[in-house]
2 protein chains.
Amino acid sequence: MNFQFSDKVTGLQASAIREILKYSADPEVISLAAGSPAPEALPFKELTEISKELLAEEPSIAFQYGVTEGYTPLRDEVKKLLAKRGVYNPEYDDVIITSGAQQANELSAKVLCNEGDTIIAEAPSFIGSLNAFKSYHVDLQGVTLESDGINIGELEQKLRAGGVKLVYLIPNFQNPTGNTMSWEKRQKAFELCKKYGAVILEDNPYGDLRFAGENIRSIKELDTDGSVIYSGTFSKILSPGIRVGYVCAHKDIIQKIVVCKQVADVHTAMWSQMLCYRFMKRYDIDEFIEKLHGVYAHKCGLMLEGIAKHFSSKIEYTKPEGGLFIWCTLPEGVTTQQMIDFCTTAVRDYKVAIVPGTAFTISDSDETRSFRLNFSTPTDDRIVKGVEILGKLSKEMFGE
Amino acid sequence: MNFQFSDKVTGLQASAIREILKYSADPEVISLAAGSPAPEALPFKELTEISKELLAEEPSIAFQYGVTEGYTPLRDEVKKLLAKRGVYNPEYDDVIITSGAQQANELSAKVLCNEGDTIIAEAPSFIGSLNAFKSYHVDLQGVTLESDGINIGELEQKLRAGGVKLVYLIPNFQNPTGNTMSWEKRQKAFELCKKYGAVILEDNPYGDLRFAGENIRSIKELDTDGSVIYSGTFSKILSPGIRVGYVCAHKDIIQKIVVCKQVADVHTAMWSQMLCYRFMKRYDIDEFIEKLHGVYAHKCGLMLEGIAKHFSSKIEYTKPEGGLFIWCTLPEGVTTQQMIDFCTTAVRDYKVAIVPGTAFTISDSDETRSFRLNFSTPTDDRIVKGVEILGKLSKEMFGE
C-alpha cells in the first residue's frame, strides 16, 4: 500500500545522530557522540533502594492510573524547588510533571502554534526540540548563536517581522555548543519578546550541571505575568531512563498542556515519579547536585586538555562551564561535506564517534563546519584516547 | 498576558469524566465511573519481585536512555505474541513499544492526518482517542454504533463522500458500550476501507478480557498489505500505571510513528518495559490472562444481576462478554439534560458516581440519554450497593 502521510511528518527524518550511533553499537568504537549524563554520577544504588521501599509500601499507587498533571507529592516538591530558585510564581504559574523535558517542549509548541506560525531557535540547537517543532509544521527560523547567547540584533529583526509565537532558548551550556547566555542578553531577549508578544520557551536541562563560573539567573525569573515557559528534567541528575521532566508556566498555558498530555500518554509512569519524589524527600537535592560537579569538571577538563594537546591548531572549540558538550569548528573554508567526511572517517576508520554539526542545523540545507563532542558519557581512558585519535586525524586532514 | 492558543487546542476540553471524578475523590462515594482494570487481578506481587531482580541485575539498562522503538527483548516478545494471534506479519509489519495504547492512537492520527482530513469513529467512542484526534484539528465524524458494531451502511456512505484517512474502531468490548463487533461486520468494514483507501486503526485494549462467548478474530488478521494499524496495551492485564502499550502496523507507518515518538517522549520508561518483558518470559501470558477472566465474569455478573433486580424496567443496558463497561440507556424521550441531571444527582445526593454519555459523543452538541457503568474497579459490596442506589433513583425519576 502506498501511504499518504501528513504534510507535517513527510519532511521529518529520524535524528541524524542515529546513523552515527549505529557505528557506536560496536563496543570497540569510542563514542563521544552521546547525550547522556555521566553514568558514574547517577545514583543507581539510592534509586534501587528507594524503589524497593516504594513498591513495598505503595504498590497500588505505583501500578495504578495516576492523574495527568503528575503525582501530587512530586509536583509539590518541584514547586518548592523552583520557587526557591525564583522560577515558580504561585500567583500565576503552575507546574506539572512531563515524560521528560522533551514532552514539555513538544507540547508547548502544540498548544501555542498553528501551522505556519513562526518559532525562533538558536542556530544551531537541540535536534529533538527542532524536530518536535517541525512536526507541527511551523515556520522554524534560526538566529545565530554566539558564545554569549543568541544574536540580539537578528532576534529583534525577526521579531519585528511578526508572526513569532515562540522563542526557544537553552540558556545554560547549550546543546550542541556548550555556550551560556549572558545575563545581559537574557534580559534583552526577555524584553524584546515581551515587546513583540512572543512567548519564550526556556529549556534548562543542563543548568544543574554548572561546574565552573558564576550561576546566571533564569530568564523565567524576569517573568512577571507568565510569558515565559520553563522546562526542566531529572534526566541529567537522577536518571534519563525513567523519563521524568517538568514544566512551569502560566496556569492558562499549563491547562492546555494538560489536555494535550492527557491525549498523549495519559500520565507519566507512576513509579518514575515516585522515585523522584522520594529521592527529593530523602536527600537535599542541591547538595546532591553540588557533589556531581566534580565528575563533570574532571571529564570536561580532561577533554579540553587533550584537544589543546592533539587537535590541529586551526580547530576552534568552546570551553563550557557546565553541561555535557564541547563544540568544535573546523578551519574556515572547510565545507559541510568535508566536515561530514571527517566525522565519517573518524567513526568508520578510526572507531571514534562524534556528531556532525548538520544534526543541529535549523534547515537540512544549512552549511556548517562544526561537530559536537560529549565528555560526560565516556570513561577517562576513552576520552584521552578518543581525543588523541581525533587530533591525529584532524592534523592529517587540516594541517598542524 | 492574554495567550493565543493554537486552533487545534482551543476547542479541547479536559475530559468530562474529570468533573465526576472530583466527587469520586470523596472516599464515601461509590465510584462506578472508573476505567481501571480490576485491582485484585493485577499481579502486583509478581511485578514487585521482578522489579527487585531487574534493578539488581541490569540497573544501567533500567536507568539509562533507551532507543525510541522500545526495549528490543520486549519488542521481540510482543512480536511473538502478536504473530501467534495472527496480528503481526513480519513481511510488511513492524511493532514498537509506546507509552500506553493512548500514544499509539494519537501518533497514528498525527502521522496520517492533515488538518481537515476526516477520521471516522464509532459514535459513541473512547473520549481519550476522540480528543487525541481533535487535537490535530481533523474533521471527526461519528458513525452509529450498534450492538454488533458500527453501522455498515452509514460507514460506506461516509467513505464514499471521500477525504477519510482513518477509521477508528474498538471491536472488542468497546468503551463505553461494552459492545463487540461481529465477524461479519469486521470483514465488511475492512473491505470498505480497502476499497476507499482508508486506514483502519484497530484499538484492542480489552480483547484479552473476554470472559464469555467465542473469540472473534482481529480485523488486522484480514490485512494483507499493512492497511490496518493495531494497538494494544499491558494496562488492563499487568498495570496501567507503568504506561506500556504497543502498535503493530506496516513498516512505513511505524517508521513515521517512531520519528513522532522520538520528539514526543524519546522512549517509554525503561523499567516499565523491562517489567513487561520479564513477566512475559517468566509466565505464560495466555495462561495468566485466562486466569483473570473469573474476576471479570464474576463482577460483571454481579452488576448485571443488580441492574435486572433494581433498575427501572424502562432502562436498557448492554450485556458484555468481556471488558470493563456496561452501557445503560434511559427511556425514550429523556433529554440529554435529564440524563446529566440523573448522573449529577446520583453522585451529589446519593454518592454513586457514573459517567454521563456526553463524555463519549463525537461532538459536544450530540444528544444522548445513556451513561456508562464500570464493574471492574469497585469491590463486590460496592457494586451491589451502588447499583441498588442507582436503581432506586432511576425508579424515582423514570418510573418502575
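Counting partner chain Cβ atoms within 10 Å of every residue's Cβ in A:65-75, what's the average?
On the way: counts 11, 3, 2, 3, 0, 0, 1, 0, 0, 0, 0.
Neighbouring Cβ atoms belonging to other protein chains average 2 per residue here.
Can you tell me the dipole magnitude for chain B around its Cα centre, using point charges on the Cβ only (Lys, Arg +1; Asp, Glu -1), in Debye to the nearest 20?
It works out to roughly 200 debye.
Which residue, B:269, B:227, B:207, has the largest displacement toward the positive end of the dipole of region B:205-273 when charges sit on each Cβ (Lys, Arg +1; Asp, Glu -1)?
About the Cα centre, the residue reaching furthest to the positive side is B:269.
Scan around residue B:233 for amide H atoms under 5 Å from its own, H built in the peptide plane at 1.01 Å from N, and keep only partners 5 or more places away or cross-chain.
B:246
Using only alpha carbon pairs under 8 Å that are at least six residues apart, calculate the relative contact order of chain B and give it in whole percent.
25 percent
Are any of the pairs A:134/B:251; B:134/B:165; A:22/A:351 more than 18 Å apart by Cα-Cα distance, and if so, which?
Exceeds cut-off: A:134/B:251.
If contacts are Cα pairs under 8 angstrom and at least 6 residues apart, what is the relative contact order of region A:319-400 in percent?
Computed value for region A:319-400: 35 percent relative contact order.
Note the full-extension length gain between residue B:396 and residue B:52 as 0.36 nm times their separation in residues minus their Cα-Cα distance, in nm to one decimal.
118.5 nm
Relative contact order for region A:44-283 using alpha-carbon pairs under 8 Å, separation at least 6, rounded to a whole percent? Write out the running numbers ahead of the final one.
Numbers: 416 pairs, mean separation 70.8, N = 240.
Once normalised by length, the contact order is 29 percent.
For a footprinting-style exposure proxy, rank A:379, A:98 by other Cβ within 10 Å, fewest first. Intermediate values should be presented prior to the final figure.
Working: A:379 14, A:98 28.
Ranked by crowding around the Cβ, least crowded first: A:379, A:98.
Charges only on Cβ, +1 for Lys and Arg, -1 for Asp and Glu: so what's the dipole of region A:44-283 about the Cα centre, in debye to the nearest 20?
That gives region A:44-283 a dipole magnitude of about 200 debye.
How do B:166, B:390, A:304 line up, fewest other C-beta atoms within 10 Å first?
Going from least to most buried by this count: A:304, B:166, B:390.
Counting only Cβ atoms, what residue of chain B lies nearest to the axis that sends chain B onto chain A, and how many whole Å off?
B:269, 2
What are the GluC sites (Glu not before Pro) within region A:82-183 that DSSP puts in a loop, where the Cβ has at most 15 other Cβ atoms within 10 Å?
In loop regions of region A:82-183 (DSSP not H, G, I, E or B), the sparsely surrounded GluC sites (Glu not before Pro) are A:91.
How many angstrom separate the Cα center of region A:78-116 from the Cα center of region A:383-400?
Value for the Cα centre distance between the two parts: 42 Å.
If we hang a label 7 Å off Cα along the beta carbon direction at residue B:46, how far is it from the matching labels on the other copies, in nm, shortest first?
3.5
Taking N as the number of residues in region A:225-352, what value does Rg over Cα atoms divided by 2.2 N^0.38 Å take?
Dividing the Cα radius of gyration by 2.2 N^0.38 Å gives 1.49.
Tally Lys and Arg at +1 and Asp and Glu at -1 over the other residues with C-beta under 15 Å from the C-beta of residue A:159: what net charge comes out?
The answer is +1.
I need the calculated FRET efficiency for the pair residue A:337 and residue A:45, taking r as the beta carbon distance and R₀ as 41 Å, to the nearest 0.05.
0.30
Of the listed pairs B:194/B:220; A:52/B:299; B:314/B:392; B:45/B:236, which have alpha-carbon separations greater than 23 Å here?
The pairs that break the limit, which is 23 Å between Cα atoms, are A:52/B:299.
Could you please report the charge total around residue B:12, scoring K, R as +1 and D, E as -1 over all other residues with beta-carbon less than 9 angstrom from its beta-carbon?
Here the count lands on +3.
Cα centroids of region A:24-41 and region B:150-183: how far apart, whole angstrom?
If you average the Cα positions of each part, the centres end up 48 Å apart.
Using Cα springs under 10 Å in a Gaussian network model of chain A, which residue among A:81, A:201, A:159 shows the largest mean-square fluctuation?
The residue with the greatest mean-square fluctuation here is A:81.
A short reminder: the numbers here are calculations on the coordinates, not readings from a lab. Just so it is clear, the structure is predicted and the values come from calculations on it, not from any experiment. Cβ: placed from backbone, ideal geometry, glycine included. Neighbour counts: every protein chain shown.
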